[in-house]
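The block underneath contains the structure these notes are about, expressed in C-alpha cells.
The values are calculated or read from the model by the stated rules, or taken from the named source; none is laboratory data. Bear in mind that the values here come from a model prediction, so they are computed numbers and not experimental data. Backbone-built Cβ (ideal geometry, glycine too); neighbour counts: all protein chains shown. Only protein heavy atoms, including side chains, enter the accessible area calculation; ligands, DNA and RNA are left aside. Shrake-Rupley method; radii C 1.70, N 1.55, O 1.52, S 1.80 Å.
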Amino acid sequence: MDLEYGKFSDASKKGSWKTALLFAYQSLGVVYGDLSTSPLYVYKSTFAEDIQHSESNEEIFGVLSFVFWTLTLVPLFKYVFVVLRADDNGEGGTFALYSLICRHANVSLLPNRQVADEAVSTYKLEHPPEKRSSSRVKVYLEKHKVLHTALLILVLLGTCMVIGDGVLTPAISVFSAVSGLELSMSEEHHQYAVIPITCFILVCLFALQHYGTHRVGFLFAPIVLTWLLCISALGLYNMIHWNPHVYQALSPYYMFKFLKKTKKGGWMSLGGILLCITGSEAMFADLGHFSYAAIQTAFTFLVYPALILAYMGQAAYLSQHHHTSYHISFYVSVPESVRWPVLVIAILASVVGSQAIISGTFSIINQSQSLSCFPRVKVIHTSDKIHGQIYIPEINWVLMILCITVTIGFRDTKHMGNASGLAVMTVMLVTTCLMSLVIILCWNKPPAVALSFLLFFGSIELLYFSASLTKFTEGAWLPILLALFLMTIMFVWHYATIKKYEFDLHNKVSLEWLLALGPSLGVARVPGIGLVFTDLTSGIPANFSRFVTNLPAYHRILVFVCVKSVPVPFVPPAERYLVGRVGPAAHRSYRCIIRYGYRDVHQDIDSFETELVARLADFIRYDWHRSQHTSPYAEDDASHSNESSSERRLAVIGTVAFSGTPGYGIEESVEPASVSIGFSTVESVTDVIEMQAVGAGAVERRVRFAIDDDDTESDVQTKMYVQLEEELRDLMTAQEAGTAFILGHTHVEAKQGSSILKRLAINFGYNFLRRNCRGPDVALKVPPVSLLEVGMVYVV
C-alpha cells in the first residue's frame with residue numbers, strides 16, 4: 001500500500017490557532033508520556049545512595065535547583081528553540097539530522113546514489129550553499145573517508161541507545177508507578193506484589209502491540225493531560241501547605257551550595273537528576289506527527305510548568321519531612337485521601353509513556369532497515385489511514401523479554417535509573433554533535449556559532465554523562481552492552497551490504513551481452529513478465545547472467561527492478577518511479593528504479609505488481625510519443641538509432657490510473673552525470689534528471705506535458721501507432737501469463753588474505769544474520785509460487 005506522505009504538520013501551517021491547539025493537545029499522548037512521568041522516580045533515584053536528605057535541606061533544595069535549570073536549558077532552550085528547527089521536511093530524529101548532513105555534504109555511505117535523486121521535491125536544500133566558496137568543515141569532511149564512517153558510527157550509536165531506551169523506559173516507568181503500593185501494604189506483601197504486577201502490565205502492553213495504537217490512541221492525550229493536571233495540583237497543594245518559600249531554591253546559588261557540601265557524592269547523584277529530562281528526545285523524534293508550533297506550545301505552556309510545579313511540590317513536602325529519607329518517593333508527598341486515584345492515573349500515564357517509546361523503537365528500526373543498517377525484519381503497518389504506525393513482531397517480543405528480564409533482574413528504581421540515564425544522555429550527546437554539523441553545513445552559520453552550541457550544551461550533557469558512567473557497575477553497564485551488541489550487528493550488516501554492492505558493480509554484464517542472447521545461442525523467450533531485482537541502477541546484474549547460463553530462457557517482458565532508499569523522509573508517489581528502456585523497443589526490456597524515503601512504507605507485492613505494469617504502460621506511451629518530436633528532443637532522437645549500445649534515459653513516471661491521462665516529468669540537460677557518487681570505478685550513465693552544465697547563465701530546463709489517448713491516436717503516424725499498440729498488447733499479454741520474481745540467493749565470503757576481523761564479520765557474522773533473518777523474498781512479500789532464486793557466491 002502506498003500511503004500518503006503528507007503529515008499532520010501540513011495542516012498546521014494554515015495558521016489556525018484552533019488547529020495548532022488541537023495538535024498541541026494530541027501531542028500530549030504521543031510525545032510527552034515519558035517526560036511527564038519522570039517525577040515518579042527522579043528524587044528516589046537521586047537520594048538512593050550517594051547523598052542523604054538532612055535537616056538543613058541543602059540537599060533537597062540543591063537537587064530542585066539542578067532539576068529546574070536542567071529542564072530549562074535542555075528541553076526548553078536546546079530542543080524547543082533550536083533542535084526542533086532542524087527538521088527534515090517536517091521529520092525529526094537522529095536519522096533526520098544525518099539525512100540533512102548527507103544532502104548538504106557528500107558524506108553518505110549509501111550505495112546506488114543517483115543525480116536524479118536530487119530532483120526529488122523533498123530533497124530540497126532550504127539553505128543552498130554559496131557556489132563561490134565552500135565551508136572548510138564541509139571540504140574536510142568530504143575529503144577524509146574515515147570521517148564518513150565515523151559519522152555513521154555516531155548515528156548508529158545514537159540509534160542503538162534509543163533502542164536500549166525502548167527496553168529500559170517501560171520497565172522503570174511501570175515499575176515506579178506500581179511501587180506506590182508500598183505505602184498501602186506491608187513490606188513482605190509489597191516485595192511479592194510489585195514485580196509480578198509490573199511484569200503482568202508489561203506482558204499485556206507488548207501483547208497488544210499488533211493491534212496498533214490507533215484503536216486506543218484517542219485515550220492517550222486525555223490520560224497524560226489528567227496526569228499533568230494532577231501533578232500540578234499536588235505540587236501547588238504541597239507548596240502552599242508545607243513550604244511556600246520553596247521557590248527560592250530555584251536560584252543557581254543552591255546548586256553551588258549543594259556541590260560544595262556533597263562534593264563527590266553530589267556529582268555522582270547527578271546520574272539520578274538527569275532522569276528529569278528522559279523523554280525530551282521524543283519531542284524531536286516525533287516531530288513528523290505534529291508541527292513545530294504544536295510541540296512548542298504544548299511543552300512551553302503546559303508540560304514545562306506542570307513538571308516544575310510537581311518537583312517544587314515534592315521538594316516542599318520533603319523539606320518538612322526528614323524522617324522519610326529512607327522512603328523518599330513520589331507517593332509520600334501525595335495525601336492519603338487521593339493516593340489510590342493518583343496511583344491508577346500514574347500507572348495509566350506510565351503505560352502511555354511506554355507505548356510512545358515502543359512505537360518510536362519500531363520506527364527507528366524501520367528507518368535503520370531502509371538505510372541498509374539493520375537486518376531485514378517484517379514490518380506490519382497497523383493503520384491504513386495514519387502514516388507511521390507500524391509493528392515489528394520480532395522486535396516486539398525481544399523488547400518484551402528484555403523488559404521483563406530488566407524488571408526481575410534489577411528489582412529497584414536505582415539500577416534501572418542508572419541504566420536509563422546513561423542511554424538518554426548518550427542520545428542527547430549524539431544529537432548535539434550532529435546539530436553542530438547541521439548549523440555549519442545546512443544553515444550556513446559561522447563555525448563559531450556551532451562551536452558555541454557544542455561547548456555550551458555539550459559541557460552540560462558531558463557533566464551528566466560522566467556522572468552516569470560512575471554507575472557502570474550499578475546498572476549503567478546494560479545500555480553499553482546493548483549498544484555494543486546492536487552496533488556490531490548494524491555495522492556488520494551495513495559493511496557487508498556495501499561490499500555486496502561493490503561486487504555487483506564490478507561484475508555486472510554489458511548490455512551487448514543481453515542483446516546478443518537469442519535463438520542462435522539456444523536462448524528462448526517465454527511468456528510472462530520477469531522482474532529481476534538488483535541493487536544496480538545501470539548495467540545487467542551478474543545474477544541474471546548466471547540465471548540465463550543455467551536456464552537458457554527468460555521472459556518476454558524483462559524488467560530490471562531496483563528498490564532503493566533516498567536520504568529523504570518521504571518520496572512523493574508521483575516521483576517514486578524512474579522508468580527507462582534497456583536496449584531497443586523490440587527487445588521489450590526495461591529498467592525500473594523505485595525510490596523510497598527512510599520513513600516510507602513499502603508497498604504490498606500485489607499493489608506493487610499492478611502499479612509497476614501501469615507505470616510501464618505509461619512509459620511506453622510517453623516514449624513513443626517522444627520519438628515523434630524532433631524538438632526539444634533532437635539529441636535524443638539522434639541517439640535513438642544507437643539504443644543497442646547504450647541504455648536509454650530514465651523518465652519520472654507519475655502515479656496516475658492506467659486508463660487515465662499519464663503524466664510525465666522530464667528534465668533536459670547537456671551533459672551526463674555519474675549515477676553512483678563515491679565509487680571511482682562506476683561508469684557514468686545519463687539520467688532523465690540531471691543538472692545543467694555549470695556556467696554563466698546556465699539555466700535548468702524542465703519540460704512537463706500530458707498525453708491523452710485520443711490526441712495520440714490522431715497525431716502519431718499509423719506505423720508508430722501500430723508499434724505502440726503492439727508493445728502495449730505484449731505487456732498486457734505477459735501480465736496475464738504471470739509474473740516471476742527473480743532474486744539472488746546469496747552467500748558471502750571474505751577474500752583470501754583478508755584480516756581475521758573481516759573474516760569473522762563476513763563469514764560468520766553476516767552469514768549468520770542472513771540465515772536467521774527475513775530473506776529478501778519475505779521482506780518484499782513475494783508469493784513462493786512466483787519466486788525464482790538464483791544462487792550466488794559473493795567473494796568480498
Fill in: For Glu749, distant residues with modelled amide H under 5 Å away
Tyr794, Val795, Val796
Response to the item:
Between the modelled labels at Leu462 and Ile756 (7 Å from Cα along Cα→Cβ) the distance in nm is 3.5
Fill in: the range 725-760 and the range 389-413: distance between their alpha carbon centers, rounded to Å
36
Worksheet item: Tell me, in nm to one decimal, what length is gained between Glu502 and Ala586 on full extension, where the rule is 0.36 nm per residue of separation less the Cα-Cα distance?
Response: 27.1 nm
Worksheet, complete the sentence: Expressed in nanometres to one decimal, the distance between label points 7 Å along Cα→Cβ at Ala193 and Leu481 is 3.1
Worksheet item: ³J(HN,Hα) across the range 506-511 via Karplus (A = 6.51, B = -1.76, C = 1.60, θ = phi - 60°), whole Hz, x for Gly/Pro?
Response: 7, 10, 6, 9, 6, 5
Discussion item. Using 0.36 nm times the number of residues separating Ala448 and Ser337, minus their current alpha carbon distance, what extension gain do you get?
Written reply: 34.4 nm
Worksheet item: Which three extents, in whole angstrom, do the alpha-carbon atoms of the range 504-630 cover along their principal axes, largest first?
Response: 47, 37, 28
Worksheet item: For Ile408 and Glu736, FRET efficiency with R0 = 60 Å and r from the beta-carbon atoms, rounded to 0.05?
Response: 0.55
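Excluding Gln314 itself, calculate the net charge of residues whose Cβ lies under 14 Å from the Cβ of Gln314, where each Lys or Arg counts +1 and each Asp or Glu counts -1. The partial results should precede the final answer.
Numbers: positive: Lys44; negative: Glu59.
Combined, the nearby Lys, Arg, Asp and Glu give 0.
Based on the Cβ-Cβ distance of Ala150 and Val509, what FRET efficiency does E = 1/(1 + (r/R0)^6) give at R0 = 45 Å, to the nearest 0.05?
Details: r = 36 Å, r/R0 = 0.80.
Taking R0 as 45 Å, the efficiency between Ala150 and Val509 is 0.80.
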Practice prompt. Filter the GluC sites (Glu not before Pro) in the range 456-551 down to the DSSP loop ones having no more than 13 other Cβ atoms within 10 Å, then list what survives.
Written response: none
Worksheet entry | Whole-number accessible area per residue in Å² for the range 738-796, which is evaluated in the context of all protein chains at 1.4 Å | 54
Response to the item:
Amide H neighbours of Ala524 at under 5 Å, excluding residues fewer than 5 places away on the same chain, with H built from the backbone geometry, are Ala553, Tyr554
Discussion item. Could you tell me the calculated FRET efficiency between Leu769 and Trp397, based on Cβ-Cβ distance and R0 = 25 angstrom, to the nearest 0.05?
Written reply: 0.90
Discussion item. Can I get the semi-axes of the range 365-430's equivalent ellipsoid? Compute them from the C-alpha gyration tensor as square roots of 5 times the eigenvalues, in angstrom, largest first.
Written reply: 27, 17, 12
Worksheet item: Using θ = phi - 60° and the Karplus curve 6.51 cos²θ - 1.76 cosθ + 1.60, what whole-Hz ³J(HN,Hα) does each residue of the range 329-340 get, with Gly and Pro shown as x?
Response: 7, 4, 6, 5, 8, 8, x, 4, 5, 10, 5, 5
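If you keep only loop residues by DSSP, which trypsin sites (Lys or Arg not before Pro) in the range 335-432 have at most 14 other Cβ atoms within 10 Å of their Cβ? Could you put the intermediate results ahead of the total?
Values: sites: Arg339, Arg376, Lys378, Lys385, Arg411, Lys414; in loops: Arg376, Lys378, Lys385, Arg411.
When the trypsin sites (Lys or Arg not before Pro) of the range 335-432 are filtered for loop state and at most 14 Cβ neighbours within 10 Å, Lys378, Lys385 remain.
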Discussion item. Quick check for you: with a 1.4 Å probe and neighbouring chains kept, what is the accessible area per residue of the range 477-582, in Å²?
Written reply: 34
Worksheet entry | Euclidean distance between Cα centres, the range 61-80 to the range 211-288, Å | 9
Discussion item. If a paramagnetic tag sat 7 Å from the Cα of Gln52 along the Cα-Cβ line, which residues of the range 255-285 would have the backbone N under 16 Å from that point?
Written reply: 261-266
Worksheet, complete the sentence: Long-range amide H partners of Asn106, meaning residues 5 or more apart or on another chain whose placed amide H is closer than 5 Å, are none
Practice prompt. List, in the order given, every pair from Lys445/Lys564; Lys145/Lys500; Lys500/Lys781; Lys564/Lys781; Lys564/Lys719; Lys143/Lys500 whose Cα-Cα distance in the structure shown is over 26 Å.
Written response: Lys445/Lys564; Lys564/Lys719
Practice prompt. Grab the eigenvalues of the alpha-carbon gyration tensor for the range 136-262, scale each by 5, take roots, and send me the semi-axes largest first in whole angstrom.
Written response: 38, 30, 18
